[in-house]
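Asker: Supplied in structure tokens, the structure appears directly below.
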Amino acid sequence: MTSNRLYIGTNKGLMTFDKKGQAWELTQESHQAIPVSYAAVDPRNGTLWACLDHGHWGCKLHRSKDGGKTWEEVAAPAYPEGTEREPGVPAKVSYIWYLAPGSKAQAGRLYVGVEPGGLFISDDGGDSFQLVESLWNHPSREKNWFGGGRDFPGCCSIQVDPRDDQHIVIGISVGGVFESCDGGKTWAGKNKGLKACYLPNPFAEYGHDPHFMLMSPSNPDVMWQQNHCGIFRTENGGESWDDISQKDAPAFFGFAVALDSQDEKTAWVVPAVSDEYRVAVKEALCVSRTEDGGKTWTALRSGLPQQNCFDLVYRHALDISGDRLAFGTTTGNLYVSDDRGDHWECLTYHLPPVYSVRFG
């Protein structure tokens, strides 16, 4: 079923848009003037979560059980006393990147990914969180994890296998892809085939930068990632990754990726020029779609600006519901398509910079 509600996390609060008839309307504003790094609904119980970045006051976590009309603050994840980011430097949560629900069988399970590179678990619906120390203590962390666009590594992708809730795959930017088959007790790197073009050895075991990674809903053995060094796809659960970037064409560098819920070969990305020039390719905004697992890509431009455009789409700022897609940009533009990206409508040009876009 296609959703008629959008939750937009921005640099100045959380905006709710609802489709009423043929038009979309801004129906609610929450956490005004506060950066909302990520916001999403837990599909199991309808709880809306907002991750806040107060800057001077630190990271906060809020939840709403009435669609954002009222909010309750819960204690944000925090590193245990004595945990060190590096020898002699205490670890402190500096950003909340992502929140993912557990399986339907795990009613109270939540996962939260933070900076610097931590994964936290709650088994009581977010009332308390515990650091996954097995990941934090992974031997690759101290030597091979580092900051990319930010000062420290961030856990920005968390995928729970719908067939087996003990199977979890996470992405560390910058660090790589890590898999647990025992509910987080142990972790193994899954980076074969990825390329870290910024390292002396581009094919090193660790130090990769998966900007965002998703499991295919129709076949979780198939995973996709928009990586710092291209677009990659695996058909064997991460045992090996294939570079499916569009050579000498738009679909290469970017942050966000969205997947078709029924077709494991269909995905969308929003390209940018490169890591050095993080703007739309040739100053023309497009969304690229593949329907054959990345063998070919089609640039979709109808309704999108094709000159003097400098928009960038962050890793969590693209989403899909049925055939409807939506994305928001760093320049405050919000676009929606009802036909799988063939045509786009701009709902507003005047939002603050957009950090996350999620259907409700």
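Asker: What pairs can you find where one residue is in the stretch 142-160 and more than 12 Å from Ile172 (Cα to Cα), the other is part of a loop (DSSP other than H, G, I, E, B), and their Cβ atoms are less than 7 Å apart, with a gap of 6+ or different chains?
Answerer: Filtered contacts from the stretch 142-160: Val160/Gly102; Val160/Ser103.
Asker: With respect to Asp127, determine if the residue is under 21 Å from Trp49 (Cα atoms), at pLDDT 95 or above and more than 19 Å from the chain's Cα centre (by Cα).
Answerer: Against the criterion (under 21 Å from Trp49 (Cα atoms), at pLDDT 95 or above and more than 19 Å from the chain's Cα centre (by Cα)), Asp127 qualifies.
Asker: Next question, about the same structure. For the stretch 118-151, which residues satisfy the criterion of being farther than 23 Å from His62 by Cβ and touching a Lys or Arg at 6+ places or on another chain (Cβ under 7 Å)?
Answerer: The answer is Ser134, and nothing else.
Asker: If the Cβ limit is 7 Å and pairs must be 6+ apart or interchain, which residue in the stretch 184-201 that is polar (S, T, N, Q) and outside any strand (DSSP E or B) pairs with which residue that is surrounded by 20 or more Cβ atoms within 10 Å (Cβ to Cβ) and modelled with pLDDT of 95 or more?
Answerer: Close Cβ pairs (under 7 Å, with a partner that is surrounded by 20 or more Cβ atoms within 10 Å (Cβ to Cβ) and modelled with pLDDT of 95 or more) amount to Asn191/Gly176; Asn191/Val177; Asn191/Tyr206; Asn191/His208.
Asker: Just give me the residues in the stretch 150-175 being surrounded by 15 or more Cβ atoms within 10 Å (Cβ to Cβ) and either out of contact with any strand residue (DSSP E or B) (no Cβ under 8 Å at 6 or more places or on another chain) or hydroxyl-bearing (Ser, Thr, Tyr) (or both), in sequence order.
Answerer: Residues satisfying the conditions are Ser157, Asp165, Ser173.
Asker: Out of everything in the stretch 53-83 that is β-branched (Val, Ile, Thr) and within 20 Å of Leu131 (Cα to Cα), what residue ends up being surrounded by the fewest Cβ atoms within 10 Å (Cβ to Cβ)?
Answerer: Looking at residues that are β-branched (Val, Ile, Thr) and within 20 Å of Leu131 (Cα to Cα), I get Thr83.
Asker: Working only within the stretch 86-111, note down all residues that are in contact with a Cys (Cβ under 8 Å, 6 or more places away or on another chain) and of a type outside the set (Ser, Thr, Tyr).
Answerer: Val93, Ile96, Trp97, Leu99
Asker: Which residue out of Leu119, Leu99 is touching a helix residue (DSSP H, G or I) at 6+ places or on another chain (Cβ under 9 Å) and closer than 18 Å to Met213 by Cβ?
Answerer: Selected residue: Leu119, the only one of Leu119, Leu99 that is touching a helix residue (DSSP H, G or I) at 6+ places or on another chain (Cβ under 9 Å) and closer than 18 Å to Met213 by Cβ.
Asker: Also, I was wondering about something else. Could you list all residues from the stretch 157-183 that are closer than 14 Å to Asn227 by Cβ and either assigned to a loop (DSSP other than H, G, I, E, B) or at pLDDT below 95 (or both)?
Answerer: Selection gives Val174 alone.
Asker: Still on this structure: Do we find a residue being surrounded by fewer than 19 Cβ atoms within 10 Å (Cβ to Cβ), in a strand (DSSP E or B) and out of contact with any Phe, Trp or Tyr (no Cβ under 6 Å at 6 or more places or on another chain) anywhere in the stretch 34-52?
Answerer: There is no residue in the stretch 34-52 that is surrounded by fewer than 19 Cβ atoms within 10 Å (Cβ to Cβ), in a strand (DSSP E or B) and out of contact with any Phe, Trp or Tyr (no Cβ under 6 Å at 6 or more places or on another chain).
The values are calculated or read from the model by the stated rules, or taken from the named source; none is laboratory data. In this text the structure is predicted, and so the values were computed from the model without any measurement. Reconstructed Cβ throughout: ideal geometry from the backbone, glycine too, with neighbour counts over all protein chains shown.
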